[in-house]
Amino acid sequence: MRLNWILIAALLAPVLAIAETPEEKGLAIAVEADRRDTGWGDYTVNMTMTLFNKQGQSSERNMKSRSLEGKDDGDKTIIVFNKPRDVKGTALLTFTHKVGSDDQWLYLPALKRVKRIASRNKSGPFVGSEYAYEDLSSQEVEKYTYKYLKDDSCGEHAKGLSCFVNERDPVDEFSGYTVQHVWVDKEEYRPQKIDFYDRKGTLLKSLTFYDYKQYLDQYWRADRLMMINHQTGKKTELKWDGYNFRTGLKDSDFNKNSLKRAK
Amino acid sequence: MVTPLLAGEWSGNVAIEARFFQHDGLDRRQDNSNYSVSALPEYYHEWNEAADSFTFTPFIRIDSDDSERSHADIRELKWTHVSDSWELDLGISKVFWGVTESQHLVDIINQTDLVENLDGEDKLGQPMVKFSTVRDWGTVDLFLLPGFSERTFPGKNGRLRSIPYVDTDLESYEDSQEQDHIDWAARWSHSFDIWDIGVSHFSGTGRDPILSPTRDTNGNVVLAPFYEQIDQTGLDVQATIDEWLLKLELISRNGIGQRYTASTVGFEYTLVGLFETPHDLGLLAEYLYDERGRNAPGFFEDDLFLGARWVWNDAENTEFLAGVIQDSSSSERTFRLEGSRRVGQSTKLNIEAQFFSNIPDSSSRANFNQEDFVQVELAWYF
């Protein structure tokens, strides 16, 4: 019996190696990362963004975010602003779609008005930060095509970990990027670093993930992310704290009515 | 669990504002500059894991010239209860309906606080019982609206007003119950695919009064507001297609006069990342129609609005909105500019300017040719 298995494995191994193109391997990595991050249900979390300009001056944004995992389609998210105080109560509802543009509604508390906004704006900066809207929306497998590039170390901040480097090409024509290079660690399939290339194909930004923590014995979330814009010298630090998983959020917590009273 | 009432949270803003007029007003009692301070604090408290909440938002403005503009209002004082499939608002609240930018035809629940701003976007608090239920087929809002607030109008020393001025002490009502008439309203709204649709009906005291010349107790000619009973059915639709927002607002109103229709139809097209910058430029065009034509009380009866929204997407949240409304049959025109930018961590600078030209002398608003102004506001948020 044992011999047979070894024989079969020996016969199949070269076939598999030949069959897997870089595109297939890239997709397989993305699918595996997605599989490992499936089933979290819902969560709430606090976000603190610190924007640094070239001179190093900083300003802070403070938000609360709640997300509901999509079963057949993408996730639903509400982000509510707390700081700066002049935008306190402003809230953004996003329905992510696996295929096609996301749907977004913005609530303006001074007018009590909910506005559906054009999802075309996805490449635009999020509240003046170095994050684009599309960087913050849920990363569905279907949103990109993939190509495995190489194995590499994950970088200074993730010592001892080795990574797959995966190239992903956004499907949406409105994306601000030609490609992204994602360093995914082989141990837990967590993104460790992303390089973003602009529409001209030049390196625009790098995002580094720090201080991963595991929740519900399965799901990894980085506590701190740093986005550096290589072209402007500006950077944005994003800190996540107070993750609360499986709080019982439902679809009814993600509509225009709940957006108006989101705090 | 009993939670102390003081466990809530205060936020809001305090602002100073200055207005400068280019020309003298036609009434000698009007000044060319005007200063005021305002405060809009908000108290919010929630309990039962946010299933219940209490909101209190008073507002006050003190104006250097206009005693009518010096005023206070309770914008919100309400208890909200939310359950899985329905929610209830009890108390004074504010509701917005609609999709267009140049005017808000469908929006009718709250009275306009006109002394605040000519654009009519500031509203007075409205007492209400509001019941909402969210279903797969849409959201239904039912309103019972006891207690009517009169529209505010600038007083005799104020600018941006009609000549003669509106004497709000002389208001009268079609209904014998006057301010105590209980209005009701209902709305169905739904979002699906590219569509956001709302159908609404309002029955009760119309928010915009009919103004008629009369004499006050001293024998001076003034305008007296008269509030009729109306039935208004409204439709608002927005289609969101990539960088296009297509918008329609339509109302049919039945009051003392004949039933009439008014509508706003237009679009907003956004150029994202203008000239390789992070800036966005939104181009807006709306056509404003009122079946009553020349007899329509407002500025807008057969007019074209063209506008541009310039958003810098910077850390200071810098934004400009410029727009011109042009009458299609005369050269009457008004141009408006709004700009805002954050200064420091929690202060906001707002500028506003409006210019009027070629309003015919025969028009009841001819004096607005004199009312070109620039307004600067600095608001501290806490």
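For the range B:87-102, name all the residues that are in contact with a Ser or Thr (Cβ under 6 Å, 6 or more places away or on another chain) and more than 10 Å from chain A (Cβ to nearest Cβ).
B:100 - this is the single residue of the range B:87-102 that is in contact with a Ser or Thr (Cβ under 6 Å, 6 or more places away or on another chain) and more than 10 Å from chain A (Cβ to nearest Cβ).
Residues B:124, B:118: which one is closer than 25 Å to residue B:169 by Cα and buried (at least 22 other Cβ atoms within 10 Å of the Cβ)?
B:124
Residue check, residue B:359 against (1) β-branched (Val, Ile, Thr); (2) free of Cβ contacts under 8 Å to residues at least 40 places away in the same chain; (3) closer than 30 Å to residue B:43 by Cβ, all met but one. Which one?
(3)
For residue A:137, all conditions in the list (1) facing chain B (nearest Cβ under 9 Å); (2) surrounded by fewer than 22 Cβ atoms within 10 Å (Cβ to Cβ); (3) of a type in the set (Gly, Ala, Ser); (4) touching a residue at least 40 places away in the same chain (Cβ under 8 Å) hold save one; what is the number of the exception?
For residue A:137, the exception is condition (1).
Checking residue A:93 against (1) at pLDDT below 95; (2) closer than 30 Å to residue B:125 by Cβ; (3) touching an Asp or Glu at 6+ places or on another chain (Cβ under 9 Å); (4) surrounded by 20 or more Cβ atoms within 10 Å (Cβ to Cβ), only one condition comes out false. Which one?
(1)
Residue by residue, here is whether (1) farther than 28 Å from residue B:130 by Cβ; (2) away from every other protein chain (no Cβ under 14 Å); (3) in contact with a strand residue (DSSP E or B) (Cβ under 9 Å, 6 or more places away or on another chain); (4) touching a residue at least 40 places away in the same chain (Cβ under 8 Å) holds:
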{"position": "B:189", "(1), (2), (3), (4)": "no, no, yes, yes"}
{"position": "B:204", "(1), (2), (3), (4)": "no, yes, yes, yes"}
{"position": "B:211", "(1), (2), (3), (4)": "yes, yes, yes, yes"}
{"position": "B:233", "(1), (2), (3), (4)": "no, yes, yes, no"}
{"position": "B:239", "(1), (2), (3), (4)": "no, no, yes, yes"}
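Output yes when any residue across the range B:178-186 is at pLDDT 95 or above, buried (at least 19 other Cβ atoms within 10 Å of the Cβ) and away from chain A (no Cβ under 14 Å), and no when none is.
Yes, that holds for at least one residue.
Would you be able to tell me the number of residues in the range A:91-102 that are in a loop (DSSP other than H, G, I, E, B) and at negative phi?
6
At positive phi and more than 11 Å from chain A (Cβ to nearest Cβ): does that describe residue B:48?
yes
Looking at (1) of a type in the set (S, T, N, Q); (2) in a strand (DSSP E or B); (3) closer than 30 Å to residue B:307 by Cα; (4) touching a residue at least 12 places away in the same chain (Cβ under 8 Å), can you tell me which one residue B:162 breaks?
(2)
Which of the residues spanning the range B:56-86 are at the interface with chain A (Cβ under 9 Å from one of its Cβ atoms) and either at positive phi or among the hydroxyl-bearing types (Ser, Thr, Tyr) (or both)?
The answer is B:80, B:85.
Taking the condition of a type outside the set (A, V, I, L, M, F, W, C) and assigned to a loop (DSSP other than H, G, I, E, B), does residue A:65 pass?
no
Quick one: which residue in B:112, B:168 is away from every other protein chain (no Cβ under 12 Å), touching a Gly at 6+ places or on another chain (Cβ under 6 Å) and either farther than 24 Å from residue B:233 by Cα or at pLDDT 95 or above (or both)?
B:112
Within the range A:71-90, track down each residue that is assigned to a loop (DSSP other than H, G, I, E, B) and more than 15 Å from the chain's Cα centre (by Cα).
Hits for the range A:71-90 are A:71, A:72, A:73, A:84, A:88, A:89, A:90.
Determine if the range B:6-26 includes at least one residue that is under 28 Å from residue B:220 (Cα atoms), out of contact with any Phe, Trp or Tyr (no Cβ under 8 Å at 6 or more places or on another chain) and either hydrophobic (A, V, I, L, M, F, W, C) or assigned to a strand (DSSP E or B) (or both).
yes
Just wondering, is there one or more residues in the range B:288-301 that are without any contact (Cβ under 8 Å) to a residue 24 or more places away in the chain and of a type in the set (A, V, I, L, M)?
No, every residue in the range B:288-301 fails to be without any contact (Cβ under 8 Å) to a residue 24 or more places away in the chain and of a type in the set (A, V, I, L, M).
Step by step: first the residues of the range A:113-160, then only those that are hydrophobic (A, V, I, L, M, F, W, C) and assigned to a loop (DSSP other than H, G, I, E, B), then the one that is modelled with the lowest pLDDT. Which residue is that?
The selected residue is A:118.
Please list, ordered by first then second residue, the pairs with beta carbon atoms under 7 Å, 6 or more apart or interchain, first in the range B:133-144 and more than 17 Å from residue B:195 (Cα to Cα), second assigned to a loop (DSSP other than H, G, I, E, B).
B:133/B:85; B:143/B:109; B:144/B:182
Per-residue answers, yes or no, for (1) closer than 26 Å to residue A:61 by Cα; (2) within 14 Å of chain B (Cβ to nearest Cβ); (3) part of a strand (DSSP E or B):
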{"site": "A:168", "(1), (2), (3)": "no, no, yes"}
{"site": "A:173", "(1), (2), (3)": "no, yes, no"}
{"site": "A:184", "(1), (2), (3)": "no, no, yes"}
{"site": "A:195", "(1), (2), (3)": "yes, no, yes"}
{"site": "A:210", "(1), (2), (3)": "yes, no, yes"}
{"site": "A:232", "(1), (2), (3)": "yes, yes, no"}
{"site": "A:259", "(1), (2), (3)": "yes, yes, no"}
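Any residue that is surrounded by 18 or more Cβ atoms within 10 Å (Cβ to Cβ), over 30 Å from residue B:187 (Cα atoms) and at the interface with chain B (Cβ under 10 Å from one of its Cβ atoms) - is there at least one of those in the range A:246-257?
Taking every residue of the range A:246-257 in turn, none turns out to be surrounded by 18 or more Cβ atoms within 10 Å (Cβ to Cβ), over 30 Å from residue B:187 (Cα atoms) and at the interface with chain B (Cβ under 10 Å from one of its Cβ atoms).
Only one of (1) buried (at least 18 other Cβ atoms within 10 Å of the Cβ); (2) touching a Pro at 6+ places or on another chain (Cβ under 9 Å); (3) part of a strand (DSSP E or B); (4) within 14 Å of chain B (Cβ to nearest Cβ) fails for residue A:105. Which number is that?
Tallying (1) buried (at least 18 other Cβ atoms within 10 Å of the Cβ); (2) touching a Pro at 6+ places or on another chain (Cβ under 9 Å); (3) part of a strand (DSSP E or B); (4) within 14 Å of chain B (Cβ to nearest Cβ), residue A:105 fails exactly one: (2).
The values are calculated or read from the model by the stated rules, or taken from the named source; none is laboratory data. This one's a predicted model, so the numbers in the text were calculated from it and none came from an experiment. Heads up, the Cβs are rebuilt from the backbone with ideal geometry, glycines too, and the neighbour counts pull from every protein chain shown.
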